[in-house]
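Shown next, in structure tokens, is the structure this report addresses.
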Amino acid sequence: MQLYQEQNIKIYNSLSGNKELFESITDGYIGMYVCGPTVYSNVHLGNVRTFMSFDMIFRYFKHLGYKVRYVRNITDAGHLENDADEGEDRIAKKARLEQIEPMEVVQRYTVDFHNILNKFNFLPPSIEPTATGHIIEQIEIIKEIIDKGLAYEVNGSVYFDVLKFNETRTYGKLSKRNVEDLIHNTRALDGQSDKKNPQDFALWKKAEPQHIMRWPSPWSDGFPGWHLECTAMSTKYLGEQFDIHGGGMDLKFPHHECEIAQAEACNGCSPVKYWMHANMLTLNGKKMAKSTGNNILPGEIFTGENDILSKAFSPSVTRFFMMQAHYRSILDFSNDALEASEKGFHKLMEAIDVIDDLPKGNTSSFDISAWKQRCYDAMNDDFNTPILIATLFEAVKFINQTKEGKAEISAEDHTTLKQTVHAFVFDVLGLTAVGTAASSEDGDDKLSGAVELLIRLRAEARANKDFATSDKIRDELAALGVQLKDGKEGTTFSVN
Ligand code: AMP
Ligand code: ZN
């Protein structure tokens, strides 16, 4: 029996506007697609928040024993400067400004994205496909939509015919916009556009002579429209109908609305069972964004090098800060909020540190199994991490009381308590107690990974009272120039 058979998850589905009981299309398996970054600049903390929300969701599904195929793409072509199919390709523009190849831009910021996510202890997705790696699939979808009479070609570009589509299906159902309003609210065509109607969107754009990111197609040398890549890659790896599609709130319209229209036009069925949208991280009350400069970079937080910060904060503290808010609530970033999170995080880690040393009695003065189910209930209620954390703090209080002799725990409950705290804190919330790559002087991720492994083995040895092994690990690492330091947040290390 897998855990997921005992737990009923409710997910807020943006499509219906309701919390719905989650039932995967295939029992025991989940297909999840999340729109990835457009790799034309460093990810800011707002981007990280959205991806972290889905990392937590991925982690919880895995914890419950589901087999999850998690696809998160890299947008490396086709995303123009504005949503109305106008302006330069974001990556091509950066390449032009920096006088480098577009693929150098892509490489640089994909590496940055991975480095940052590693520091925050993200699990890698199952597949991380790129738009440029799926041009053929995108062209095939366009052909299919043209064949169905729902797209038209003008001067080498192909557009999706929103009004025609809306005659038999519904455009706007995710973002709750109706086509009539769209017609009234969309800027009139300026005479330069090839579109029949302003609400139509590009499936293929003919490249101007100066546009260097171009591929041959039946219509012109050009490039795919931004929305198409996600339809191509989600269908290819998850099928015509899959369980979960996620992204930030700001992607609902037009991006996800267009994805639905493309998939329905092509396959005749609604592609996604549960649409999930993560809310925004704000700074000074405004959305963090690349374009406005109102943002903070993760690297600035790890070093403290930003005027709004009083000091550096670790990736785990930052992760804890994010997990203290529900993924569908707006979260405002501030130094004070991070300082408060740091205190809470230390309190949690201190309690975890002493679990092993708690005296065990015959009975428990705290109902551990009811508390354990409350942890699950919090996560089952649309991944309510703030309630989960509040519930974990009930255990912190109990641990501290037991340590002081004011409460009692039985040996059996002690095992359940330890396993449950570890499962939710480390596996589900993805927090880390040990020195991370961000705290290692030389930032060598591989070395960090290896040392962290040894730190975990040493902790296990100590838990088993095998002090000979734990001392051996510490001393031999020291001989190699790696110093371990046991502290409040667990064990950290430095390299001499
Ligand atoms: P982009 O690279 O701009 O396509 O954005 C990548 C992801 O970050 C998308 O899912 C966006 O919705 C999300 N995102 C952008 N800004 C924020 C923000 N301030 N807070 C949370 N998520 C954001
Ligand atoms: Zn997408």
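In region 252-300, the qualifying residues are those that are under 30 Å from Asp332 (Cα atoms) and among the basic types (Lys, Arg), and the one that is surrounded by the fewest Cβ atoms within 10 Å (Cβ to Cβ) is Lys286. Can you confirm whether region 346-355 contains a residue that is modelled with pLDDT of 95 or more, more than 30 Å from Arg462 (Cβ to Cβ) and of a type in the set (Asp, Glu)? Scanning region 346-355 turns up no residue that is modelled with pLDDT of 95 or more, more than 30 Å from Arg462 (Cβ to Cβ) and of a type in the set (Asp, Glu). Inspection of region 259-272 finds a residue satisfying the criterion of being out of contact with any strand residue (DSSP E or B) (no Cβ under 7 Å at 6 or more places or on another chain), within 16 Å of ligand 1 (Cβ to nearest atom) and without any contact (Cβ under 8 Å) to a residue 60 or more places away in the chain. On inspection, His114 qualifies as surrounded by fewer than 18 Cβ atoms within 10 Å (Cβ to Cβ) and in a helix (DSSP H, G or I). Selection of first residues in region 229-245 that are closer than 12 Å to Arg69 by Cβ and touching a residue at least 40 places away in the same chain (Cβ under 8 Å) and of second residues that are part of a helix (DSSP H, G or I) and within 16 Å of ligand 1 (Cβ to nearest atom), restricted to Cβ pairs under 7 Å at least 6 apart or on distinct chains, gives the following pairs, ordered by first then second residue: Phe242/Ser234.
One line per residue, one yes/no per condition, for (1) within 16 Å of ligand 2 (Cβ to nearest atom); (2) polar (S, T, N, Q); (3) buried (at least 22 other Cβ atoms within 10 Å of the Cβ); (4) part of a strand (DSSP E or B):
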| position | (1), (2), (3), (4) |
| --- | --- |
| Gly31 | yes, no, yes, yes |
| Gly36 | yes, no, yes, no |
| Ser41 | no, yes, no, no |
| Gly46 | no, no, yes, no |
| Arg49 | no, no, yes, no |
| Ser53 | yes, yes, yes, no |
| Ile57 | no, no, yes, no |
| Lys62 | no, no, no, no |
| Tyr70 | yes, no, yes, yes |
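Identification of helices (runs of 4 or more DSSP H) wholly contained in region 344-438 with 2 or more residues that are of a type in the set (Lys, Arg) yields 368-380, 385-403.
Can you pull out every residue in region 340-358 that is in contact with an Asp or Glu (Cβ under 7 Å, 6 or more places away or on another chain) and surrounded by 19 or more Cβ atoms within 10 Å (Cβ to Cβ)? Break it down stepwise before answering.
Step one: filter region 340-358 for residues in contact with an Asp or Glu (Cβ under 7 Å, 6 or more places away or on another chain), giving 346, 349.
Passing the criteria: only Met349.
Only residues that are among the acidic types (Asp, Glu), within 17 Å of Ser14 (Cβ to Cβ) and away from ligand 2 (no atom under 12 Å from the Cβ) were counted in region 227-258, giving 1.
The values are calculated or read from the model by the stated rules, or taken from the named source; none is laboratory data. All values derive from a computational prediction rather than experimental measurement. Positions of Cβ are backbone-derived with ideal geometry, glycine not excepted, and every protein chain shown enters the neighbour counts.
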